[in-house]
Amino acid sequence: MKTRIITAVVSLALLAVVLCFHSAIVLNLAVVALTAIMMFELFRVNKLLKSALFVGSLCLSVFFPLAVRFLSGENSMYIYLAVIFAYIVLYALDVFIGYEKTDVGVYSTVALYSLLISIAMSSLCVIESSSEQFGLLALILTFCGAWLDDTGAYFVGTFLGKHKLCPKISPKKTVEGFIGGILTDVILFVVFGLIVDLTMAEAHVNYILMALLGAGCALLGVAGDLFASVIKRHCDVKDYGNLFPGHGGALDRFDSVVFVAPFMALCASGIGIF
């Protein structure tokens with residue numbers, strides 16, 4: 001427990017430093033580094049580090065976060081599509097060349113998850129740049145929505161949990177904890193919105209929307225956690241790595257963010273959060 005607490009404090013301090021320089025390229029570079037580590041962990045547990053797809057995935061981890069900052073204009077969408085298409089072609093060629101010794105199911109899952117991780121982590125940069133006034137707040141809310149749901153679920157599950165949610169995938173998760181996590185995020189988002197509403201005159205907070213966003217983040221966070229757990233069970237490993245002592249690897253810590261961030265990016269860029 002002591003190791004977990006120390007790791008959490010140090011990690012939050014580093015995150016605070018990155019967020020303090022969010023308007024600079026520091027955030028984009030931090031996302032690049034974190035995404036590359038997540039790629040390494042994913043391919044390592046699946047024993048695919050020597051594949052061409054791993055190199056392609058590392059390229060994606062660099063391209064998407066930096067593209068959010070530097071790529072704009074009418075033709076930007078075509079560049080994004082071209083990069084994704086090139087990655088799919090690389091995947092197809094890699095499978096074709098090594099078809100005799102390749103588990104296509106595993107390879108396909110890793111390829112899809114790699115693409116999702118790259119796009120999802122770059123969504124953090126999209127959220128930050130979605131609004132000059134509220135981008136940072138939306139980014140902080142995204143992290144809270146992904147992580148505090150798990151905290152709420154843990155405490156509710158510990159004291160009230162009786163019914164297992166999915167014992168074969170995640171034995172410690174309970175139905176009661178799942179509901180508690182959703183309620184935690186709903187309350188968190190409404191309170192966060194209230195604070196913004198009271199402290200920033202230019203904010204226009206829709207509390208019903210905030211509650212729905214909280215519920216959505218909680219559901220997606222659990223989905224991201226369970227999906228990552230399925231892959232770990234298949235690879236017969238407890239954690240993806242040990243980058244965060246007591247917590248596991250980068251992918252263990254950000255598996256829920258992978259599903260929550262794109263959702264929040266769409267909301268922030270489309271309907272607006274505040």
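The values are calculated or read from the model by the stated rules, or taken from the named source; none is laboratory data. Only a predicted model underlies this, so the values are computations on that prediction, with no experimental measurement involved. Ideal geometry is used to build each Cβ from the backbone, glycine not excepted, and the neighbour counts take in all protein chains shown. Surface accessibility is based on the protein's heavy atoms, side chains included, excluding ligands, DNA and RNA. Shrake-Rupley method; radii C 1.70, N 1.55, O 1.52, S 1.80 Å.
Those residues that are surrounded by 16 or more Cβ atoms within 10 Å (Cβ to Cβ), assigned to a helix (DSSP H, G or I) and either more than 16 Å from the chain's Cα centre (by Cα) or among the charged types (D, E, K, R) (or both), I need them from segment 216-246; list them, please. D225, K232, listed by residue number.
Name the residues in segment 152-166 that are part of a helix (DSSP H, G or I), open to solvent by less than 100 Å² (accessible area, probe 1.4 Å) and under 23 Å from R233 (Cβ atoms), would you?
A153, G157, T158, listed by residue number.
Taken together, the criteria exclude V95 from residues that are open to solvent by less than 50 Å² (accessible area, probe 1.4 Å), more than 21 Å from V260 (Cβ to Cβ), hydrophobic (A, V, I, L, M, F, W, C) and touching a Lys or Arg at 6+ places or on another chain (Cβ under 9 Å).
Residues in segment 195-215 that are open to solvent by less than 80 Å² (accessible area, probe 1.4 Å) and assigned to a helix (DSSP H, G or I): V196, D197, Y207, L209, M210, A211, L213, G214, A215. Of the numbered criteria (1) touching a residue at least 40 places away in the same chain (Cβ under 8 Å); (2) within 22 Å of E128 (Cβ to Cβ); (3) assigned to a helix (DSSP H, G or I), the one H22 fails is (3). Here V104 passes the criteria (1) farther than 21 Å from S23 by Cα; (2) of a type outside the set (D, E, K, R); (3) at pLDDT 95 or above except the one numbered (3). Are any of the residues in segment 9-19 more than 20 Å from the chain's Cα centre (by Cα) and either under 22 Å from L243 (Cβ atoms) or not basic (K, R) (or both)? The answer is no, given that none of the residues of segment 9-19 is more than 20 Å from the chain's Cα centre (by Cα) and either under 22 Å from L243 (Cβ atoms) or not basic (K, R) (or both).
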